[in-house]
Amino acid sequence: MPTVSRWWSSRTDPQRIELYTRSSFYSFAWGMPLLALLVLAATGPSSVVDVVPYLGCVAVTAVLCWVLTRAGLATRESGARVDARLVTGACAAALLTSGVALATLRFEPRGDSQALLWATVLAPLSVLCVLATVWETRRLVLAAVPVGVLAGTAVLLLGDPAPQALLQGVVLGVTAMFLAASFRFTVWLLDVVLEMERSRGVQLRLAVAEERLRFARDLHDVMGRNLSAIAVKGQLAEQLVRRGREGAAEEVADISRIAEESLREVREVVRGYRSTDLTSELTGARSVLRAAGVSCTVTGEDVGGTLPDEAQTALAWVVREAVTNVLRHSRATTCTIVLQREAGEAELTVRNDGAPEGAPATHGNGLTGLAERLGSRDRLRTSAGGGWYALTARVSA
């Protein structure tokens with residue numbers, strides 16, 4: 001059980017919901033033969049030979065329901081359409097199963113009328129629920145009407161009075177509507193979660209693209225003017241040299257000066273791009289986590305501005321990596337960030353309650369890179385237990 005629990009805890013929320021949806025539909029499809037056997041046990045058939053055609057039709061319908069479920073759920077991500085022949089085949093198999101049930105079981109003298117009724121509507125009801133992966137809710141509700149009509153007809157053929165047949169038809173029709181709608185709700189929930197996951201990926205890509213555009217804009221602003229000046233002065237120096245006039249040396253000297261200025265400005269842009277402000281990172285971390293539904297508390301935020309630049313940069317990278325891990329690899333609802341300074345060292349601790357049970361407190365690639373930035377793995381510690389995961393970093397201050 002711990003292995004199963006750890007495996008389940010390692011799944012993301014979209015993966016869990018997809019697994020739950022698939023298992024629900026598959027269980028319903030493959031449980032149909034078992035339900036058919038229970039119904040047959042209640043009908044009390046005269047011989048095994050009488051139920052073979054019915055069980056064969058039930059098995060074929062169950063296989064088609066399974067195939068239809070796989071095809072329908074596969075379209076939730078690909079956007080393709082399920083082959084109409086598969087839908088038609090499943091519906092035809094369900095109707096054939098109902099016909100075989102009425103033809104072979106309704107003459108059993110020991111048969112229970114309710115059991116015979118369920119033997120008749122079992123296959124159509126199962127196919128209707130599986131069609132929730134393909135059809136919209138309105139169409140499913142309309143398709144439940146024929147199930148009610150079939151149930152009422154079966155009651156009449158079994159010899160019950162018309163009022164009882166009408167009542168049974170209405171009850172089973174409404175039951176089919178609610179059952180199909182509940183399965184459709186599960187598929188709709190899966191669609192919403194998958195769309196949210198895709199939107200989150202798009203947001204991350206947009207954030208990266210926006211940062212690249214900012215960096216490109218800064219480089220353009222810095223280098224555009226200087227490179228234009230270098231090009232003009234280079235052409236001017238070329239013309240002066242060709243015509244043997246004075247001033248070419250001065251133009252070449254200006255080109256060298258502008259190139260050195262450009263190199264210095266590019267270094268400043270890159271340095272500013274790579275540098276981080278600890279106070280801003282803490283504020284941004286709190287904002288991002290709260291936007292993601294994670295309650296975040298930051299303690300010692302005012303200490304960040306008093307630390308040396310090198311310490312701020314190192315701890316700011318720790319905050320970035322820790323928050324990224326919380327958002328990507330945990331299901332945390334609470335996160336606390338504590339920054340304190342004492343005895344010439346600053347200590348930053350990030351704790352969250354989203355650690356899976358039994359998760360090892362090991363260093364991944366991101367934390368290994370952080371340890372290299374801090375200069376020693378001993379200055380970066382991780383711990384896990386009781387559903388909590390903590391990352392602690394220490395730097396000289």
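Bear in mind that the values in this text are calculations on the coordinates, not laboratory data. All values derive from a computational prediction rather than experimental measurement. All Cβ positions, even for glycine, are placed from backbone atoms using ideal geometry, and neighbour counts span all protein chains on display.
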Practice item. Mind ranking 27-33, 125-131, 323-329 by how tightly packed they are, going by the mean number of other C-beta atoms within 10 angstrom, highest first? Key: 125-131, 323-329, 27-33
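Distances over 18 Å make up what percent of all Cα-Cα pairs in the stretch 230-321? Please report the intermediate quantities before stating the final value.
Values: 2669 of 4186 pairs.
Roughly 64 percent, once rounded to a whole number.
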Exercise for review: From zero up to wherever the largest Cα-Cα distance of the stretch 64-181 sits, split into 5 Å bins and tell me the percent of pairs in each.
Suggested key: 2, 13, 21, 21, 18, 12, 8, 4, 2, 1, 0
Review point. Given labels modelled 7 Å from the Cα in the Cβ direction, how far is it in nm from Ser280 to Ala259?
Key: 3.3
